[in-house]
Amino acid sequence: MRLAFCGNDNASAYNITAGVLRNVCFVDALNLVPHVFLLFITFPILFIGWGSQSSKVQIHHNTWLHFPGHNLRWILTFTLLFVHVCEIAEGIVSDTQMKSRHLHLFLPAIIGFVAATVSIVYYHNIETSNFPKLLLALFLYWIMAFVTKTIKFVRYCQDGVSFSQLRFCITGIMVILYGLLMAVEINVIRVRRYVFFMNPQKVKPPEDLQDLGVRFLQPFVNLLSKATYWWMNTLIISAHKKPVDLKAIGKLPIAMRALTNYVCLKEAYEEQKKKVADQPNRSPSIWLAMYSAFGRPILLSSTFRYLADLLGFAGPLCISGIVQGFQNTTNGTNTTEKDPSNSYLSSEEFFRNVYVLAVLLFLALILQRTFLQASYYVTTETGINLRGALLAMIYDKILRLSTSNLSMGEMTLGQINNLVAIETNQLMWFLFLCPNLWAMPVQIIMGIILLHHLLGVSALVGAAVIVLLAPIQYFIATKLAEAQKSTLDYSTERLKKTNEILKGIKLLKLYAWEHIFCKNVEETRMKELTSLKTFALHTSLSIFMNAAIPIAAVLATFVTYAYSNDEPLQPAQAFASLSLFHILVTPLFLLSTVVRFAVKAIVSVQKLNEFLLSDEIGDDSWRGGDNSVAYESCKKHTGLHTKAINRRQPLRYQLENYEQSSRRQTRPVETDDIAIKVTNGYFSWGSGLATLSNINIRIPTGQMTMIVGQVGCGKSSLLLAILGEMQTLEGKVHWSNVNESEPSLEASRSKNRYSVAYAAQKPWLLNATVEENIIFGSPFNKQRYKAVTDACSLQPDIDLLPFGDQTEIGERGINLSGGQRQRICVARALYQNTNVVFLDDPFSALDIHLSDHLMQEGILKFLQEDKRTLVLVTHKLQYLPHADWIIAMKDGMVLREGTLKDIQNNDVELYEHWKTLMNRQDQELEKDMEADQTTLERKTLRRAMYPRESKAQLEDEDEEEEEEEDEDDNMSTVLRLRTKMPWKTCWRYLTSGGFFLLFLMIFSKLLKHSVIVAIDYWLATWTSTDNRKEFGNADVQNTGKTYHVAVFGILSGAGIVLCLITSLTVEWMGLTAAKNLHHNLLNKIILGPIRFFDMTPLGLILNRFSADTNIIDQHIPPTLESLTRSTLLCLSAIGMISYATPWFLVALMPLGIAFYFIQKYFRVASKDLQELDDSTLLPLLCHFSETAEGLTTIRAFRHESRFKQRMLELTDTNNIAYLFLSAANIWLEVRMDYLGACIVLTAAITSITEGPDSGLVGLGLLYALTITNYLNWVVRNLADLEVQMGAVKKVHSFLNMESENYDGYLDASQVPKDWPQEGEIKIENLCVRYENNLKPVLKHVKAYIKPGQKVGICGRTGSGKSSLSLAFFRMVDIFDGRIVIDGIDISKLPLHTLRSRLSIILQDPILFSGSIRFNLDPECKCTDDTLWEALEIAQLKNMVKSLPGGLDAMVTEGGENFSVGQRQLFCLARAFVRKSSILIMDEATASIDMATENILQKVVMTAFADRTVVTIAHRVHTILTADLVIVMKRGNILEYDTPENLLSQEDGIFASFVRADM
């Protein structure tokens, strides 16, 4: 057949007698002209690509959209492309009905399609290169196209072509589109004036794009890139080469920053406040505030959602049409060929064509998914914006909370942390799910209407099943939430116990108590597992309901239909309705979740409102403008100097300009001699009762004022009252102001007070480096910094830290002791350049030398030289002579005020009282020895640090070696490791649940999916056979029907049962695995060598028990379930389609390859982004809790705005990580959805051309549609599982650790019951090291200790004294020599026996939470009398008697409710309860005061008279009364004799020690 443009079956085709424009063919040819014109002009320009060089504005993104009407142009072009596709299709379909080829029917349309595509590509390139003059080509094209199409349209009208003809409609729509595009083009000329005007308009790119740090381009890219996330490709592909870090994701765009959104929400909330101001009982509505701030994007998202949902119904309708059309063609009801003169197709005929329907289905799917993802994105972005705004609001409120609120417990830190971590997230999630609330009902109603249209009344039966079972879903969901809560309570308790074990592990091992405590944890774990079981049960029920409801609904519907209708079921009806049921189930399943979230959100909003309306600190005289300044100034800035914000300079410096008014940087010269004056002050902590009454005091400028008095007389409260933290009932606090000559109160009210350097009694540290803690936001001055650290004698402590003063301290950093923390806080107060310094009992945690040093160097020298006003609260009366002014307090009143001389003259009694106290303190001074608390603290620090450091070095070396190997093996191995799934870990996890369960799970899963496929397959054969038997007699048909319905019912029932079984086995397996892993981990850790605990930070071990265990318990099972389910669904779908049409497999190959690469790239990027999200969240939460704890300090220093700024930065960092994570998920979903749409298209086309019968065609299409839903779940679950398997991996890394060797050569039964009876110790040639790769710490030590001897061991730090004490318990590696106790070599004994027969008192007193009885005797072996006797010996009997409950009185965690001395005495009692004949005291008197030490000494001499006592001494005078003294140095014994003999050797080491002590 020859090709001819106008076809060669019609002689009149080239006839133009009736006029040129009357010829259809000529008009079509005319339509080619504009398209060809455009292609000829634009191709050279595009190929030369010269536009990029002429770029006028240099920006780093080629994403800037300059031209007006940009989005409209994209939408119009896409519509134009769609209409072109319709035109091509219409032409081809018309052409198939002609006798010969008529190219003019579709060739112009094809060229038009190409031209439209070129036009948008061309436009995009011009736009990014900013060269508008080239748009003229497009302008001419639109005019020409408009004209030619109009000619064609007019011609049709003249011919009287009616509206029902498709070609007429298409041409009409085209005319409108070309007209609109022409209008858009004219508008660009009007606005940008690039031609026909004298002065073209200059443009600047948006602020965000000038800032090279902004990498989140979603708001700035063009529509196509917005819809497909094309701009994300670079990030996701680069993740493959190097991990994504914070630098790669950049900053948030300005519109999404917390500050921007905070200002919006705050204004909306203030509006609401104004509305309810006159109604006292109504509170302002956060809901309305949120709506007015973020309502518009939510409406936009809902619109997208409605569009997507309506397009979703195209699937079932197209399936129905395709199957129907397929059936008609196979049954031979085909249309006849048309007459060429009437070559117009009607719309109805066009839409009956199966191929047209297949393409329509494809386009509808693509559009539906694009809208759906757009809706998701908009809600995600809005949710993130809302969260940022809420966090800023909460933080702003925290900074203004009244202190009494926090201390009186109305608002606990826990509540604030919950607000930040939980409530804001609840609201964010509610926003994410929000559009579902109003989209779902519409979806459900539409679905039911369509079902009714397809199946009549019987559809309502199925719908009723679904609707009735939905409430059960809701009930299960609420139960789930309850179970989760109880699980959380138990796991918190378990963590508390585990934490105690780890903190006191040394003691537990030395006393051989680890099993008792282990059992304790296991009991709690059992309770936790029980509630996990209910949790798992409800989870599996929920999964089961989700899978079983559609099966049940379909069963009910089809059975009803079979018996109520005479007509047999058509495949078209059956598969369309099946597909509708699938659509219906999702909203119903989600509805329960959404309703639950809505309820949670309502509760969260209530909590938030309570918090936002709680008491604020009083706006006192000097609390003027500071609070508002911080945010407002930022706001002004964004408007005024856009450049200023964007450059690298942090906001803080810009704030300073605004704060000059409120905070004096330069210290003015004082004129007044009184800095602060309180007149007639009554202050309360918010209870209405005055804590401080009748306060009249003056604090002289530039001098040192001391406040003294007994504990609890209101000294600290007085400082806080002056700082304005207390409620003022009456009276005034007046801060002297410099610029006024007359100190009138009113004038001073308007001024702000200075910032005050304040060191609180309870030291408060930031999670930051030591240096940052001391500098605290002031500029760094090296000399000043050095002077301060020296004055506080911090240098030795800093030298011990691994990174010096750049070491992180605080909650997440290294744990410092109380004294060290306090010294850092004092250093902070000294360093600040403020006029007034308040120190609240800075000496409380310091020993005498440090106190003296601090007093001399820091206070008398550093502060007095600067002439700073100092207020010092203290108990150390010996410093009173230094004070310039003294305020003595008693019971919340001022007892006396004046100089020491005044008091000496006026109040002799008080002065004498002080004098006696001072004498007593002096005596203590003399007793206090050189080696004191500080050395001790440093020693603990060194112990904590150095092993850790050496381990770190070892690890670094390993890493370096690995890195070197990697470099040889180039980058490929690294990439391979980053993209490889941790299959080995997965296998370990699966097998830890037991092989039987694993087998059961796999088997039941496979069976369930086979049954589900069987159900659908049966439906296909049933409907197909029914239609073939249409002409058979009624009886045959009835028996056939019964048979079909019976099999269908049986299969469905089996499917429902299997759904339940599989969901249960997965959860059951997960539980067993979790149980085994935790059990093994706990036992492994408990039996680990002590060295392991010295070297591994406690937080690291705790993390395995908290975060990682939680992931294994609750997150892996559902992920695993979801992953197996979606994978099997996809596989069964592909199998089913391939069975129906084998050709599909060929088309599947390229799609499979695409899928593989997308998931590979996504998994890597997702993992990194997930880690970034987690790691940026922690500092944010810490910052909140830190601020709440240090409120008074921050407010005293006046650093609110600096902290606010930090919070905004942390919030934005976390939000950008979360935003990118969400964007990456949507990136994946879009790609998976498009892949799914391609699968649907190939499945439809292959089955239409190749399909065996209509039932199988319907089945294939139904399955192809389900794939689109499940493909992205496969990848996302894979990525989640990969991250979660990290937890299993970490737990496993601990499981491979060496345990201590607990079995001895002797059986426990072979050891005499009362061994060691005598307490005779022989140490023979003992060599000890901590690990076999380390140097020995004891070298060939020999000693003999007679039964009942009191032995003292002394030596400098690191001489091996403590190692010797540990050797008795085999806590260290004895690699040579031996210790023989009462004739038995201890290395032959089982460890448990050995340790349970000796006693030790450690240097740090450790108590556990529980009763006093439990602390003394956890094994419950002794009678009460024994315990009371032990307490009496330790001088604790009276104190314990006075406690409620006596022996059953509770000890809080760590024994915090007793003083350090009392705790040490408890430890003594504990050692006494264990009646062993050998007691070892390891520097037991180091951390206690003299009085307690004397008690200890006495007890040891009397109660332990008949036992062997080995004392490791730290103050030598404690062992002067011993029978034998051993002096050690570097692991060797230097002197070994009685103390008297050793003292007589003048040049002996012991003698020199004693002299130094005196």
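What's the extension gain from Thr117 to Thr991 if we count 0.36 nm per residue and subtract their Cα-Cα distance?
Details: separation 874, 0.36 × 874 = 314.64 nm, distance 5.54 nm.
Length gained, Thr117 through Thr991: 309.1 nm.
As a size descriptor, the averaged projected area of the C-alpha convex hull of the chain was calculated at 73.2 nm².
Please work out the FRET efficiency for the pair Gln864 and Ala1556, using the Cβ-Cβ distance as r and a Förster radius of 35 Å; give the result to the nearest 0.05. Numbers along the way, then the final one.
Working: r = 33 Å, r/R0 = 0.93.
According to the calculation, E is roughly 0.60.
Across region 1243-1356, the convex hull enclosing all Cα atoms gives 325 Å³ per residue. Candidate cross-link partners of Lys152 among the lysines, defined by an alpha-carbon separation under 28 Å and a same-chain spacing of 8 or more, comprise Lys99, Lys338. Accessible area per residue (1.4 Å probe, heavy atoms of protein chains only) ranks Phe1408, Phe1414, Phe163 as Phe163, Phe1414, Phe1408, with the largest value leading. The residue among Ser292, Asn1083, Pro1405 whose Cα reaches farthest toward the positive pole of the charge dipole of the chain, with charges on the beta-carbon of Lys, Arg, Asp and Glu, is Ser292.
Lysines near Lys241 by alpha-carbon distance under 19 Å, same-chain residues fewer than 8 away left out - which ones? List returned: Lys980, Lys1160, Lys1167. For Tyr1536, the solvent-accessible surface computed with a 1.4 Å probe is close to 90 Å², ligands and nucleic acids excluded.
What is the percent carbon and sulfur in the accessible area of the chain, measuring with a 1.4 Å probe over the protein chains and ignoring ligands? Walk me through the numbers before you get to the answer.
Details: 40000 of 67060 Å².
Carbon plus sulfur share of accessible area: 60 percent.
Derived from the Cα gyration tensor, the three semi-axes of the equivalent ellipsoid of region 255-380 are 55, 14, 13 Å, largest first.
Within the full protein context, the accessible area of Trp1315 is estimated at about 10 Å² for a probe radius of 1.4 Å.
Quick one: length gained pulling Ser162 to Leu1102 fully straight, 0.36 nm per residue minus the C-alpha distance? Don't skip to the end; give the middle numbers.
Details: separation 940, 0.36 × 940 = 338.40 nm, distance 7.89 nm.
Between Ser162 and Leu1102, full extension yields an extra 330.5 nm.
The lysines whose alpha-carbon is closer than 16 Å to the alpha-carbon of Lys1322, local same-chain residues fewer than 8 away aside, are Lys1339, Lys1342, Lys1346, Lys1350, Lys1388. Calculated on C-alpha atoms, the gyration radius of region 82-131 divided by its Kirkwood radius gives an Rg/Rh of 1.24. Which pairs break 19 Å Cα to Cα here: Lys497/Lys527; Lys1084/Lys1289; Lys503/Lys1290; Lys266/Lys397; Lys247/Lys1204; Lys519/Lys1441? Beyond 19 Å: Lys503/Lys1290; Lys247/Lys1204; Lys519/Lys1441.
Think of each Lys and Arg Cβ as +1 and each Asp and Glu Cβ as -1; about the Cα centre, that makes the dipole of the chain roughly 3500 debye. Here the spin labels are modelled as points 7 Å beyond Cα on the Cα-Cβ line, and at Glu616 and Cys1420 they lie 5.6 nm apart.
Once the Cβ-Cβ distance between Ile75 and Val203 is put in as r, and R0 is 25 Å, what FRET efficiency do you end up with, to the nearest 0.05?
On the way: r = 23 Å, r/R0 = 0.90.
Efficiency at R0 = 25 Å is approximately 0.65.
Surface listing: Phe1197, Phe862, Phe1375 arranged by accessible area from highest to lowest gives Phe1375, Phe862, Phe1197, probe 1.4 Å.
Measuring nothing but how far apart in sequence close Cα pairs (under 8 Å, 6+ apart) lie, relative to its length, the chain scores a relative contact order of 11 percent. Selection among Leu692, Ala1223, Leu419 by position relative to the dipole of the chain gives Ala1223 as farthest towards the positive end (Cβ unit charges, Cα centre). Sorted from longest to shortest, the spans of the Cα atoms of region 439-547 along the three principal axes equal 79, 22, 15 Å. With the Cα gyration tensor of region 1046-1101 giving a ≥ b ≥ c as the square roots of its eigenvalues, does the rule (a/c under 1.5 for rounded; else a/b larger than b/c for prolate; else oblate) give rounded, prolate or oblate? Prolate, since a/c reaches 1.5 and a/b exceeds b/c. Tilt of helix 107-129 relative to the longest C-alpha principal axis of the chain, in degrees (0 to 90, nearest 10)? With both axes taken from Cα atoms, the answer is about 30 degrees. In this structure the chain gives 43 Å² per residue of accessible area when probed at 1.4 Å with all protein chains present. Given +1 at the Cβ of Lys and Arg, -1 at the Cβ of Asp and Glu and no other charges, the dipole of region 219-372 around its Cα centre is 1020 debye to the nearest 20. Rolling a 1.4 Å probe over the protein heavy atoms leaves Cys1130 with an accessible area of roughly 10 Å². Start at zero, step by 5 Å, and the Cα-Cα distances of region 757-909 spread as 2, 9, 18, 22, 18, 13, 8, 5, 3, 2, 0 percent across the bins.
In this calculation the C-beta distance from His1079 to Ala464 is compared with R0 = 56 Å, giving a FRET efficiency of 0.70. The candidates Glu1453, Glu271, Glu909, arranged from most to least accessible area with a 1.4 Å probe in the full protein assembly, appear as Glu909, Glu271, Glu1453. Annotation: extensible slack from Asn1296 through Thr1502 equals 69.4 nm (criterion: 0.36 nm per residue apart, minus Cα-Cα distance). Placing dummy labels 7 Å off each Cα toward the beta-carbon, the span from Gln904 to Trp983 is 8.9 nm.
For region 1325-1386, dividing the convex hull volume of the Cα atoms by the residue count gives 86 Å³ per residue. Placing pseudo-labels 7 Å out from each Cα toward the beta carbon at Lys782 and Asn1333 gives an inter-label distance of 3.9 nm.
The values are calculated or read from the model by the stated rules, or taken from the named source; none is laboratory data. The shown structure was predicted, so the numbers you read here are calculated from the model rather than taken from an experiment. Every residue, glycine as well, gets a Cβ built from its backbone with ideal geometry; the counts of neighbours run over all protein chains shown. These accessible areas exclude ligands, DNA and RNA; they are computed on the full protein's heavy atoms, side chains included. Shrake-Rupley method; radii C 1.70, N 1.55, O 1.52, S 1.80 Å.
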